[in-house]
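Just so it is clear, none of the values below were taken in a lab; they were calculated from the coordinates. None of these values were measured; they are calculated from a predicted model. Cβ coordinates were reconstructed from backbone atoms using ideal geometry, including for glycine residues, and neighbour counts include every protein chain displayed.
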Amino acid sequence: MLHRDILIDPGVEDPRIENFIRQQDLDVKAILNTHDHADHTSANSYYAGLFNAPVCAPKDDAEYYDSPPDRLLADGEILDYDGLSIRVVHTPGHTEGSLCFLIDDYIFSGDTLFKNDIGKIWAADEKKTDNVRKKLLLAIKKKVLVLPGRTLICPGHGKTTTIAAEKANNPYFSD
C-alpha cells in the first residue's frame with residue numbers, strides 16, 4: 001500500500017502519536033509547521049529523528065526556530081508526497097510567517113482561524129495590533145474563505161468547523 005503521510009504541528013512528544021502511526025502502518029514523509037510557536041513545534045526534532053522526516057516551516061518565521069528547519073515554505077507552493085498534494089497558504093497575522101495547509105477539502109489552519117474566532121495578535125501597541133489584525137483578516141478573507149463551503153477547517157486548537165459555518169457564525173466575518 002502506498003503511504004503519503006505527514007505530521008502537522010507536533011507540539012509535544014506523546015506516545016499516542018507514535019502508537020497511532022505505527023498501528024496504522026503510516027510512513028511520515030514530512031513534518032509541517034504552521035508557525036514557529038513552541039506549542040506547535042516543540043517535538044519537531046523528536047519526530048524528525050524518529051521518522052527520518054524533514055521539518056518544513058514558514059520562511060518568514062525561520063529566524064525564531066531553535067534548530068533550522070530542513071525546508072522553508074512560501075505562499076502558493078505545492079508540496080507533493082507520493083501524490084499527496086498540499087498547497088501552502090500564507091496567512092500572516094498570528095505570526096508573520098503563519099501558514100495554512102490545504103489538502104483536498106481540508107485546511108489545517110494552525111492558529112490563523114478557529115471555530116468562531118481568529119488567532120491572537122501580538123504587537124507593540126494598539127495601532128500596530130489593529131494593523132496586524134487587518135492584515136490577518138484580509139488574508140483569511142482572500143485566501144481561506146474563498147474555498148468551498150464544505151471545506152473542513154482543522155485548527156491548531158479547538159473543534160473543527162467549515163468554511164460555510166465560519167462565514168455564517170464567526171463574528172469577524174458573518175454579515
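What's the magnitude of the charge dipole for region 5-169 around its Cα centre, counting Lys and Arg as +1 and Asp and Glu as -1 at the beta-carbon? Answer in Debye, nearest 20.
860
Along the Cα-to-Cβ line of residue 71, 7 Å from the Cα, sits a label point; which residues in region 20-64 have backbone N less than 16 Å from it?
Flagged as within label range: 27-35, 48-49, 51-60.
Along region 33-43, what does the Karplus equation 6.51 cos²θ - 1.76 cosθ + 1.60 (θ = phi - 60°) give for ³J(HN,Hα), rounded to whole Hz, x for Gly and Pro?
Computed from phi, the couplings for region 33-43 are 10, 7, 6, 8, 5, 4, 5, 10, 10, 4, 9 Hz.
Among 122, 24, 51, which residue has its Cα positioned farthest towards the positive end of the charge dipole of region 5-169, with +1 placed on the Cβ of Lys and Arg, -1 on the Cβ of Asp and Glu, and the dipole taken about the Cα centre?
Comparing the listed Cα positions along the dipole, 122 ranks first.
Mean-square fluctuation check for the chain, GNM, Cα pairs under 10 Å: which of 103, 17, 31 is largest?
17
Counting Lys +1, Arg +1, Asp -1, Glu -1, what net charge surrounds residue 155 among other residues with beta carbon under 15 Å of its beta carbon?
With Lys, Arg at +1 and Asp, Glu at -1, the net is -2.
Given the options 60, 14, 36, state which has the largest fluctuation in a GNM of the chain using a 10 Å cut-off (strictly under) for Cα springs.
14
Pick out which of 111, 25, 61 has the largest mean-square fluctuation in a Gaussian network model of the chain, springs linking Cα atoms closer than 10 Å.
Residue with maximal mean-square fluctuation among 111, 25, 61: 25.
What FRET efficiency comes out for residue 82 versus residue 120 if R0 is 35 angstrom and r is the Cβ-Cβ distance? Round to the nearest 0.05.
Step by step, r from the Cβ atoms, then E = 0.50.
Can you sort 35, 40, 157 so the residue with the fewest Cβ neighbours within 10 Å comes first?
Exposure proxy ranking, most exposed first: 157, 40, 35.
Normalised by the residues of the chain, what does the relative contact order come to in percent, with Cα pairs under 8 Å and at least six apart?
Normalised by residue count, the contact order of the chain is 16 percent.
Here is the link list: 29/159; 120/141; 120/142; 120/143. Which ones come out longer than 21 Å on Cα distance?
From the list (29/159; 120/141; 120/142; 120/143), the Cα-Cα distance tops 21 Å for 29/159.
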